[in-house]
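The values are calculated or read from the model by the stated rules, or taken from the named source; none is laboratory data. Since we're looking at a predicted model, the values are computed, not measured. Positions of Cβ are backbone-derived with ideal geometry, glycine not excepted, and every protein chain shown enters the neighbour counts. Areas reflect the complete protein model, heavy atoms only, side chains present, ligands, DNA and RNA absent. Shrake-Rupley method; radii C 1.70, N 1.55, O 1.52, S 1.80 Å.
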Amino acid sequence: MAEKDISQAVIARLPRYFRFLGDLKEEGVERISSQELSKRMRITASQIRQDFNHFGGFGQQGYGYNVDYLYNEIAKILGLDKKHNLIIIGSGNLGQALANYVSFEKRGFLIKGMFDNNPALQGKAVRGMSIRSTNELESFIKENNIDIAVLTVPKNSATEIAKQLVKFGIRGIWNFAHVDLDVPKDVTVENVHLSDSLMKLSYQINCANNK
């Protein structure tokens, strides 16, 4: 099925399926039914079957799902069977924390470089990488086949940096800046607004307290 026919809600659930299936593999579970997976994930079995049917189904009636096969197929759908070269732009506390998160590499996301326009940070080593000046972005992106950029910069500079990244050939931006980026349709942006998530949590607590 064409990608445009698959809702964002279904796509948003794929990483969660992948994570739960990874846990099942570690537990030595070889196959699982939609009903059993439903109990673990707290998603209805019918929703699970509908989601998987967008990509071919994967299961057999009376047998369920082969955990290892389903795990690998979802990995392919998510593009995790390929390597992705990343750079981090904005090497303050958040940028350095992301660089030190080793699980990215286990999923095929390879952090190749870090950048910042602050001279006080340039030259500092983080996990063996020396923080570079943002003036080096264009040459570094081309020489290292970078396809994803992580933005952890203030919002007043994010828009201009994003324009440069698009010009330099970046295909995906993981945006932690508190601004929505305007980029061409062939460039994908995934926004991570940490304060929005915290406000959602506050809303839920507030609703629970008001019952």
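Among the residues making up the range 129-172, a single one is among the acidic types (Asp, Glu) and under 22 Å from the mean Cα position of the chain (by Cα): 147.
Based on what the data block shows, is residue 59 open to solvent by 20 Å² or more (accessible area, probe 1.4 Å), more than 21 Å from residue 107 (Cβ to Cβ) and in contact (Cβ under 8 Å) with a residue 24 or more places away in the chain? Spelling it out, residue 59 is indeed open to solvent by 20 Å² or more (accessible area, probe 1.4 Å), more than 21 Å from residue 107 (Cβ to Cβ) and in contact (Cβ under 8 Å) with a residue 24 or more places away in the chain. Please work out which residue is modelled with the lowest pLDDT, limiting yourself to the range 140-158 and to residues that are open to solvent by 60 Å² or more (accessible area, probe 1.4 Å) and among the polar types (S, T, N, Q). The extreme case among them is 156.
Here residue 82 fulfils each of the conditions (1) within 30 Å of residue 51 (Cβ to Cβ); (2) not in a loop (DSSP other than H, G, I, E, B) apart from (2). Taking the criterion of being within 23 Å of the chain's Cα centre (by Cα), free of Cβ contacts under 8 Å to residues at least 12 places away in the same chain and either surrounded by 11 or more Cβ atoms within 10 Å (Cβ to Cβ) or part of a helix (DSSP H, G or I) (or both), the residues of the range 22-46 that qualify are 23, 26. Considering the range 166-188, and only residues there that are within 19 Å of residue 99 (Cα to Cα) and out of contact with any Ser or Thr (no Cβ under 6 Å at 6 or more places or on another chain), the residue that is surrounded by the fewest Cβ atoms within 10 Å (Cβ to Cβ) turns out to be 174.
Candidates in the range 85-97 are the residues that are of a type outside the set (S, T, N, Q) and in a loop (DSSP other than H, G, I, E, B); of these, the one that is farthest from residue 148 (Cα to Cα) is 92.
If the condition is being open to solvent by less than 50 Å² (accessible area, probe 1.4 Å) and in a strand (DSSP E or B), then the range 98-113 contributes 110, 111, 113.
Check 140, 109 and return the single one that is over 26 Å from residue 15 (Cα atoms) and touching a strand residue (DSSP E or B) at 6+ places or on another chain (Cβ under 6 Å).
Working: 109 fails: over 26 Å from residue 15 (Cα atoms).
Step by step, each of 140, 109 is checked, and only 140 is over 26 Å from residue 15 (Cα atoms) and touching a strand residue (DSSP E or B) at 6+ places or on another chain (Cβ under 6 Å).
Of all the criteria given as (1) in contact with a Gly (Cβ under 9 Å, 6 or more places away or on another chain); (2) free of Cβ contacts under 8 Å to residues at least 24 places away in the same chain, the one not satisfied by residue 151 is (2).
Looking across the range 67-82, the residues that are farther than 25 Å from residue 158 by Cβ and exposed (fewer than 13 other Cβ atoms within 10 Å of the Cβ) come down to 76, 81, 82.
Scan the range 173-198 for residues that are over 16 Å from the mean Cα position of the chain (by Cα) and of a type outside the set (D, E, K, R) and jot them down. It would help to see each step written out before you state the result.
Filtering the range 173-198 for residues over 16 Å from the mean Cα position of the chain (by Cα) gives 178-186, 195-196, 198.
Scanning the range 173-198 gives 178, 179, 181, 183, 184, 195, 198.
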